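A short write-up of the structure that comes next.
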Amino acid sequence: MSGTSGVLISVCDDPGLCPICGGPWHVQKTVRHHGKTISHGQFEIRETVHVCANRCQHASGSLVTQRAFSLAEHIIPGRTIGYDVMTFVGLQRFVHHRQREEIRSTLLDDHGISLSSGEISNIAKLFLRYLQALHCKHAERLRNVLAEDGGWPLHIDATCEDGRGTLLVALAGWRRWVLGAWKIPTERSDAILPCLYQTVQMFGAPCAVMRDLGRAVTLSADTLVAYLGLDIPILACHLHFLKDIGSDLLKPGSGELRSLFKKWKIRPQLRTLSRDLGRKIGPDIVREREKVYAWLQGVGNLGIPEGMTGIATVRHFAQWILDYPEDGSGEGFPFDRPYLDFYDRCITVHKAMHRFLADKPEERQVSRTLKRLQRILNPVLSEVPFHQIVRHLRTRASLFDELRDALRLVPKSISESKACSDTDISISDAAVKELVDIRENVDQLVRSLKDRRPERGPAKDTRKAIDLILRHVKDHGHNLWGHAISLPTEKGGGIRLLERTNNILEGFFKGMKHNERRRSGRKVLTQDFEDLPAEAALAYNLKHEDYVAIVCGSLEKLHQAFTKIDLAKKQRTLDNKPKIDLTHNAQLPLTESASLPRADRKLVRTKEMKQRILAIATSRRRKLKNAG
């Protein structure tokens, strides 16, 4: 490919006959420009443009001219790069998540095409615009496939990074296709609703709606279903429901317990003790660690070792307390309660210290070290406030665990995130029965809580906790059930289950952010997510073979599908037909509701803004009146 660089290629296609009068053509002009394609590398082009000899005109009033079709199907109009180059850059950036320099080096080394980093960025964004147009162009075919499945469940959710770059996504649950993606100012119903209306207009009414418990998305889903006038179940995510209850139940107590540990500086003192003892042991730390490990493997020996090994043992006990996050399951709060685990480890080690000191160690240094660790942990033994807060927290945690068991919900479960195959239309009776059992268990728990609710007396906190759970069930209970969707008889009938959680979209957003972090190398994606176009979510559809087969056949033919979009657009212009905006899905007139969006941020940070404010603030009142 490098050998074609600078080569002059003459392109003069046979124009045939004029499509209007059937007459011959004349040469109008010869145009010279550059070309860069994966198929041919870099080259110079001398293109011959023909015009109708009889000066015929299109319906738009322009002369009938004919440019080289062999170029039009390779080179993007108004640019020097080919459709295949744009497709290559877009796939590498948004499907394989490679950096600009990686893409640039691959183009140069493998295809002899030289592009700057800025051009890579611009071409990647151009790819997304074409992908959006291709998505909208084939909306009818996608809609028909979804209808053949017996319908499609709508999953809606939004994400952002540090409150910026809010991305709203509408996803077809059974196919895992992203049907629409939009950048909205903030998560408000007046911004979400137009996006949902467009999704329904393009792909038809869904058979169900899955959402979280946010006010904006709840109002939007209710308004959408009311607008459609259909009996469509609106389902609340069980995981969000459980998390909301757990957060309301456990967050106050966990916060108080955290404040107590912070007040008494338990963790800083344990870290200081561990460092001090490590320095005291010195270079012998490796040998003493091995001795402690040998002592741990001993059977029946519960006394603390003597000498420096005893000091190393106390050090490891302090480190064991600091390693309290290990007791968690990794599911996060409220499923994990780290400060309860911290408290339990402190109590356990304090009891061990008491047992060691009861044996009255002979070595003074070991005894002093034991007493130092015991003094650090002494505040945790106090009845008020530690024990009182922990007692209430355990009671609330027990109620939360009862609800979790009734819902049979395990976060991050493989069963919740496993994708359904396209042919998995019918389900077993056991799966439906499980849903019925879950609902019966929740109803039974609600009745039990009502019976156990203390009307009066000292159990005030328990009464508040039960009331909180019952209030959540009352507010969201009618949206927790209805996951068994009956399929139309003409589509084969039967029942198909909907996910009980919105984990499909939660996992989608998590994977999207993970890919952006891997590409950029940055942990905080505030700027990246604000710059990321909404259409980037559509690129994930290209990982689904069924979607690709509909819109372009295969990824190898994707650039050809983009070519057809421009050719059809050009023909509509020549025929003076109404313009069809294939990218309207990404261009919504939204009311700006963010406090400081990017456009406003640029304006308020200008030098002129500061100067004007200072000038007005320091001017006299009389001058302001004269100016008025």
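When Leu146, Leu179 are checked against the criterion of being at pLDDT 95 or above, more than 21 Å from the chain's Cα centre (by Cα) and open to solvent by less than 30 Å² (accessible area, probe 1.4 Å), a single residue qualifies: Leu146. In the set (1) in a helix (DSSP H, G or I); (2) touching a residue at least 60 places away in the same chain (Cβ under 8 Å); (3) surrounded by fewer than 20 Cβ atoms within 10 Å (Cβ to Cβ); (4) out of contact with any Leu (no Cβ under 8 Å at 6 or more places or on another chain), Arg375 fails one condition alone, (2). Checking Leu213, Leu239, Leu219 one by one, the residue that is in contact with an Asp or Glu (Cβ under 6 Å, 6 or more places away or on another chain) and among the aliphatic types (A, V, I, L, M) is Leu213 and no other. The set of residues from segment 351-372 being open to solvent by less than 20 Å² (accessible area, probe 1.4 Å) and within 48 Å of the chain's Cα centre (by Cα) comprises just one member, Met353. A Cβ distance below 7 Å, combined with a sequence gap of six or more or placement on separate chains, defines the contacts here; from segment 546-565, residues that are part of a helix (DSSP H, G or I) reach residues that are surrounded by fewer than 14 Cβ atoms within 10 Å (Cβ to Cβ) in the pairs Val548/Ser554; Ile550/Arg141. When residues in segment 533-556 are screened for being loosely packed, with under 14 Cβ neighbours inside 10 Å and farther than 22 Å from Gly511 by Cβ, 4 of them pass. The set of residues in segment 66-117 being within 19 Å of Ala568 (Cα to Cα), among the small types (Gly, Ala, Ser) and in a helix (DSSP H, G or I) consists of Ser70, Ala72.
The single condition among (1) open to solvent by 20 Å² or more (accessible area, probe 1.4 Å); (2) outside any loop (DSSP other than H, G, I, E, B) that Glu516 does not satisfy is (1).
Of Leu115, Leu108, Leu71, all but one fail to be buried (at least 17 other Cβ atoms within 10 Å of the Cβ) and at pLDDT 85 or above; the exception is Leu115.
So that you can scan it fast, the table gives a plain yes or no per residue for (1) open to solvent by less than 60 Å² (accessible area, probe 1.4 Å); (2) at pLDDT 85 or above; (3) under 19 Å from Gly494 (Cα atoms):
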{"site": "Ser417", "(1), (2), (3)": "no, no, no"}
{"site": "Glu434", "(1), (2), (3)": "no, yes, yes"}
{"site": "Ile438", "(1), (2), (3)": "yes, yes, no"}
{"site": "Asn441", "(1), (2), (3)": "yes, yes, no"}
{"site": "Lys450", "(1), (2), (3)": "no, yes, no"}
{"site": "Gly457", "(1), (2), (3)": "yes, no, no"}
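One residue stands out in segment 28-47 among those that are open to solvent by less than 30 Å² (accessible area, probe 1.4 Å) and within 39 Å of the chain's Cα centre (by Cα): the one that is nearest to His559 (Cα to Cα), namely Thr37. What residue, of Arg287, Arg337, is over 30 Å from Leu403 (Cα atoms) and open to solvent by 30 Å² or more (accessible area, probe 1.4 Å)? Being over 30 Å from Leu403 (Cα atoms) and open to solvent by 30 Å² or more (accessible area, probe 1.4 Å) holds for just one of Arg287, Arg337, which is Arg287.
The values are calculated or read from the model by the stated rules, or taken from the named source; none is laboratory data. All values reported here derive from a predicted model rather than from experimental measurement. No Cβ is skipped: glycine too gets one built from the backbone with ideal geometry, and neighbour counts run over all protein chains shown. For the accessible areas, the whole protein counts, side chains as well, though only heavy atoms, and no ligand, DNA or RNA atoms are used. Shrake-Rupley method; radii C 1.70, N 1.55, O 1.52, S 1.80 Å.
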